[in-house]
Amino acid sequence: GGTLVAYAFRRSARRSIGFSVGPEGLAVSAPKWVPLHEIDQSVRDKSGWILNKLQQARERHERLESARIDWKDGATFPFQGEPLRLVIEAHPAAGGARGVSAELKTSAAGALANTATGLPEGAWPAEVQRALHLRLPAGATPEQTRDAVQAWLMRQARQIFTERLVHFAPQLGVQWRTLSLSSASTRWGSASTNGSIRLNWRLLHFKPAVMDYVVVHELSHLRVMDHSPRFWDTVRTVVPNYTELRGQLKDEGIPRW
């Protein structure tokens, strides 16, 4: 269609030519025995799909860039699927890490009240707004603000993920041993045969149902360590709508930090 498209190519052990479109563009993989001219022709035959996917990836990238968080008073970011407003309280006498504190509050009909995290989806009435009150030393930089918010989110992640692991492990008949937090850019979680679970703290941007899917996904690996049909059947016993939640995890994206 008059569009020039470059692609990354690699040989693999797969049985057929494969295509994937991500943030870096188009990637093509093929078995060692397929000649290059057949691969080029396959790319041409797939041109409509490729151009459509590249356009979708470009639009998604632009949405994420427009949602990049500006770390200052009044900034908002998603927390458990709902917007959370940042309120910075500067204290001239505060200094260093000891001068940093964070508190989640809700406002309803003009009144502020402390609240616990981990409420189920839909628990907040429409008129209720949440805010993270962040106490920082006067003159704190955007980077210091960002780091303080991340530290708070990681504390919440450890608490919430632990609660969900404890909740779902008995339903799957598995036993997990340790939880560690990840900051990976492309992986939401992992599980080891020794019972170690690793979850990305950025999952807190998604609604609780999506977080629960990832928790169940990793716990299910303690029974089945691959992605065979038996694995997905295991996930389905606890999260019947896992395909829908998996799609949301892939499509919704999270804000740029």
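The values are calculated or read from the model by the stated rules, or taken from the named source; none is laboratory data. What you see is a predicted model, and the numbers here were worked out from it, not measured in a lab. Backbone-built Cβ (ideal geometry, glycine too); neighbour counts: all protein chains shown. Please note that ligands, DNA and RNA were not included when accessible areas were found on the heavy atoms of the full protein model with its side chains. Shrake-Rupley method; radii C 1.70, N 1.55, O 1.52, S 1.80 Å.
Structure summary
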quantity: Odd one out for Asp212, checked against (1) open to solvent by less than 80 Å² (accessible area, probe 1.4 Å); (2) of a type in the set (Asp, Glu); (3) out of contact with any His (no Cβ under 9 Å at 6 or more places or on another chain); calculated: (3)
quantity: Qualifying positions in the stretch 226-257 - outside any loop (DSSP other than H, G, I, E, B), more than 21 Å from Ser192 (Cβ to Cβ) and either modelled with pLDDT under 95 or in contact with a Lys or Arg (Cβ under 8 Å, 6 or more places away or on another chain) (or both); calculated: Pro229, Tyr242, Thr243, Glu244, Leu245, Arg246, Gly247, Gln248, Leu249, Lys250, Asp251
quantity: Members of the stretch 133-159 found to be farther than 14 Å from Thr76 by Cα, surrounded by fewer than 17 Cβ atoms within 10 Å (Cβ to Cβ) and without any contact (Cβ under 8 Å) to a residue 60 or more places away in the chain, listed by number; calculated: Ala138, Gly139, Thr141, Gln144, Asp147, Ala151, Met154, Arg155, Arg158, Gln159
quantity: Matching residues, the stretch 217-252, being touching a residue at least 40 places away in the same chain (Cβ under 8 Å), more than 20 Å from Gly173 (Cα to Cα) and either of a type in the set (Lys, Arg) or open to solvent by 100 Å² or more (accessible area, probe 1.4 Å) (or both); calculated: Glu252
quantity: Scope the stretch 2-25; condition at positive phi and assigned to a loop (DSSP other than H, G, I, E, B); matching residues; calculated: Gly2
quantity: Within the stretch 74-96, tally of residues that are modelled with pLDDT of 85 or more and either more than 24 Å from the chain's Cα centre (by Cα) or open to solvent by less than 50 Å² (accessible area, probe 1.4 Å) (or both); calculated: 12
quantity: Subset tally (residues that are out of contact with any strand residue (DSSP E or B) (no Cβ under 9 Å at 6 or more places or on another chain) and open to solvent by 90 Å² or more (accessible area, probe 1.4 Å)) for the stretch 3-43; calculated: 6
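Table: residues versus (1) modelled with pLDDT of 95 or more; (2) under 18 Å from Gln80 (Cβ atoms).
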residue: Asn114; (1), (2): no, yes
residue: Pro125; (1), (2): no, yes
residue: Val128; (1), (2): no, yes
residue: Leu132; (1), (2): no, yes
residue: Pro137; (1), (2): no, no
residue: Arg164; (1), (2): yes, yes
residue: Ala169; (1), (2): yes, no
residue: Leu181; (1), (2): yes, yes
